[in-house]
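**Student:** My questions all concern the structure below.
What follows is calculated from the coordinates using simple rules that are stated; it is not laboratory data. Just so we're clear, the structure is a prediction, and the values are computed from it rather than from any experiment. Here the Cβ is made from the backbone with ideal geometry for all residues, glycine too, and neighbour counts use every protein chain on show.
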Ligand code: ASP
């Protein structure tokens with residue numbers, strides 16, 4: 001039977017080893033496993049890659065441990081503005097939202113943009129109107145409140161600093177979430193969701209909701225979800241770059257992903273990582289930070305749940 005597979009991430013740039021307690025590490029791995037198993041079981045039942053990635057990302061969004069959905073970081077004015085995108089490698093349909101607030105699962109809204117609108121990318125107020133028209137419940141700020149994130153923000157709130165979860169200067173580094181999957185038909189998909197960066201302002205949008213930058217899927221090559229310093233990932237058009245190296249140079253998903261993360265994005269000055277899968281269910285999860293919350297499972301029986309190198 002054809003190999004099917006899923007990989008997920010909870011952000012590159014992790015807690016430095018000294019801050020990571022065994023209890024915390026267990027909690028991270030537990031939530032990663034929960035999301036991994038939920039996504040994998042969709043594939044096992046012959047479900048689609050797009051359903052599998054949405055299922056896995058929703059679970060990561062619902063976990064306060066990750067910077068997406070519940071647990072999203074605070075903006076400069078003390079609110080939460082979330083970004084998400086999803087892409088189907090079979091149809092090349094895609095959907096993205098940015099600067100949305102009060103939405104429990106931004107990834108589902110991104111999927112609704114893909115399936116229920118004529119558009120690919122909706123932002124801010126317009127995206128919120130779209131959500132309301134689809135009868136989304138708007139959660140109040142309490143739902144997203146997380147004590148740790150609040151502390152992160154209080155430390156820098158009256159400064160011009162913004163904090164990338166991947167900054168090596170800070171102890172606290174959490175990230176974006178994402179999933180890529182290859183189903184039993186050999187169709188692939190990618191999904192990415194984030195709260196962006198602490199203390200962001202001016203409607204700052206990162207790579208996560210941008211098709212080609214933080215998220216991309218094409219049955220011809222691979223499905224990719226990125227995490228890292230968004231400004232660099234946008235300029236490097238990272239997710240699409242991996243697909244291009246595969247398409248035009250004939251490279252494997254592993255070689256293409258590693259080239260982009262260990263060379264091309266580092267030459268620009270960016271840090272982070274990505275997860276990728278091809279149509280044969282081969283997974284790559286390179287990162288150039290100290291760690292990346294990540295997990296993968298294939299129908300060949302390989303399962304990985306890891307944080308550090
Ligand atoms: N890439 C995300 C952004 O720049 C942040 C992250 O991956 O944690 O918004």
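**Student:** Do you know the relative contact order of the chain, to the nearest whole percent, from alpha carbon pairs under 8 angstrom that are 6+ apart?
**Tutor:** Numbers: 857 pairs, mean separation 80.6, N = 309.
Normalised by residue count, the contact order of the chain is 26 percent.
**Student:** Right, here's the next one. To the nearest 500 deg cm²/dmol, what mean residue ellipticity at 222 nm is calculated for the chain from DSSP H runs of n ≥ 4 alone, each contributing -39,500 (n - 2.57), summed and divided by the residues?
**Tutor:** Computed ellipticity for the chain at 222 nm equals -9500 deg cm²/dmol.
**Student:** Give me the distance between the Cα centres of the range 1-51 and the range 264-309, rounded to whole Å.
**Tutor:** So the separation of the two Cα centres works out to 11 Å.
**Student:** Using the scaling law 2.2 N^0.38 Å as the reference, what is the normalised Cα Rg of the chain?
**Tutor:** Working: Rg = 17.4 Å, N = 309, 2.2 N^0.38 = 19.4 Å.
Relative to the rule-of-thumb radius for its length, the chain sits at 0.89.
**Student:** Could you work out how much longer the chain between residue 137 and residue 92 gets when fully extended? Use 0.36 nm per residue separation minus the Cα distance between them, nm to one decimal.
**Tutor:** Working: separation 45, 0.36 × 45 = 16.20 nm, distance 2.87 nm.
Answer, rounded to one decimal: 13.3 nm.
**Student:** From Cα pairs below 8 angstrom and at least 6 apart in sequence, can you work out the relative contact order of the range 169-306, rounded to a whole percent?
**Tutor:** Working: 276 pairs, mean separation 28.3, N = 138.
Reported as a whole number, the value is 21 percent.
**Student:** Another question, if that's okay. Springs between alpha-carbon pairs under 10 angstrom, Gaussian network model over the chain: which of 49, 84, 256 fluctuates most?
**Tutor:** Ranking 49, 84, 256 by mean-square fluctuation puts 256 first.
**Student:** Next question, about the same structure. Taking neighbour Cβ counts within 10 Å as the exposure measure, how do 50, 265, 59 sort from fewest upward? Write down the numbers at each step before the final one.
**Tutor:** Working: 50 28, 265 25, 59 22.
Listed from fewest to most nearby Cβ atoms, that is 59, 265, 50.
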